[in-house]
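This report refers to the structure that appears directly beneath it.
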Amino acid sequence: MPLHRTIPLLLILLAACDAEPRTVVRRDRHGRPRAEVDLVHATRHGPVRLLDTAGRVVMEGAYRNDLRSGTWKEWSHDGTLRGEREYRRGRLDGTVHRWHANGTPAAEEPFEDGRLNGTLRRWFPNGRPRVVMTYVDGEAEGPWVYWERWGVDTLRFEGQAHRGLRHGVWTTYQGDTLIRKQGPYHKGEKQGTWVEFDRNGVSLGERTFHRGRAVHEPSVDE
């Protein structure tokens, strides 16, 4: 074969060989492997694994052209699956799942193109709900309910959100129906008259707020 045809062919073959992924092992200062990642031309492309000090896999996923891609998973040191999420072109896309150490669901968080979009749910380790809220294009929008604790003193906070902020009437319940506090928010700040009740449902009085601050109301002696 003429030389002028051989050289371009060799260059193509060399470039193809150089494009083959090579696995790089990152080690800590004690020489223990802590990460394994595939590189192509110094760019992360292919599987990646993160390891704990005992060599157990604690995270696994893949890169495509230096961007996270596909399914990524996380494990605790005892091998319990703690999280699973999907990436598309480096951004979260799909429902992120998280689990507590005891294996019960901890969260379901819906993402589209890197932003929360849909109904987000979180739970306590005992399986009781912790948060239920809706997101639109990365901001809280619509119904928002969350629980502070569970048991005799269960508190539930319920209201609405608009553009990521509390907006409209919010109510704090003890148990299922006993109202403890109630009042309006405006763009994330308390605004207007708030009422408060004791554990027996007896009114403890009212307070007026303006832009998140309590308004001083003079007594009859002032």
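The values are calculated or read from the model by the stated rules, or taken from the named source; none is laboratory data. All values derive from a computational prediction rather than experimental measurement. Here Cβ is always computed from backbone atoms with ideal geometry, including for glycine, and neighbour counts include all displayed protein chains.
Looking only at the stretch 32-53, filter to residues that are modelled with pLDDT of 95 or more and of a type in the set (Gly, Ala, Ser); which one of those is farthest from His77 (Cα to Cα)?
Here the answer is Gly46.
Hey, does the stretch 94-108 have a residue that's small (Gly, Ala, Ser), out of contact with any Lys or Arg (no Cβ under 9 Å at 6 or more places or on another chain) and under 30 Å from Arg166 (Cβ atoms)?
no
State whether one or more residues within the stretch 13-21 are assigned to a strand (DSSP E or B) and either over 19 Å from Pro110 (Cβ atoms) or touching a helix residue (DSSP H, G or I) at 6+ places or on another chain (Cβ under 7 Å) (or both).
no
Can you find a residue in the stretch 40-47 that is farther than 28 Å from Glu139 by Cα and outside any strand (DSSP E or B)?
yes
Which count do you get for residues in the stretch 104-131 that are outside any strand (DSSP E or B), more than 28 Å from Asp66 (Cα to Cα) and modelled with pLDDT of 95 or more?
Looking only at that region, the number is 1.
Got a sec? Which of Thr104, Thr80 is more than 16 Å from the chain's Cα centre (by Cα), of a type in the set (Ser, Thr, Tyr) and assigned by TED's automatic domain parsing to the domain that holds Glu139?
Thr104
Of the residues Arg199, Arg149, which single one is in contact with a Leu (Cβ under 7 Å, 6 or more places away or on another chain) and of a type in the set (D, E, K, R)?
Arg149
Can you tell me which residues in the stretch 36-93 are free of Cβ contacts under 8 Å to residues at least 12 places away in the same chain and within 23 Å of Val24 (Cβ to Cβ)?
In the first step, residues of the stretch 36-93 are kept if they are free of Cβ contacts under 8 Å to residues at least 12 places away in the same chain; the result is 42, 78.
Correct list: Ala42 only.
Hey, among Arg98, Arg156, which residue is modelled with pLDDT under 95 and part of a strand (DSSP E or B)?
Arg156
Among the residues of the stretch 163-209, count how many are surrounded by 17 or more Cβ atoms within 10 Å (Cβ to Cβ) and part of a strand (DSSP E or B).
Adding up the residues that qualify gives 16.
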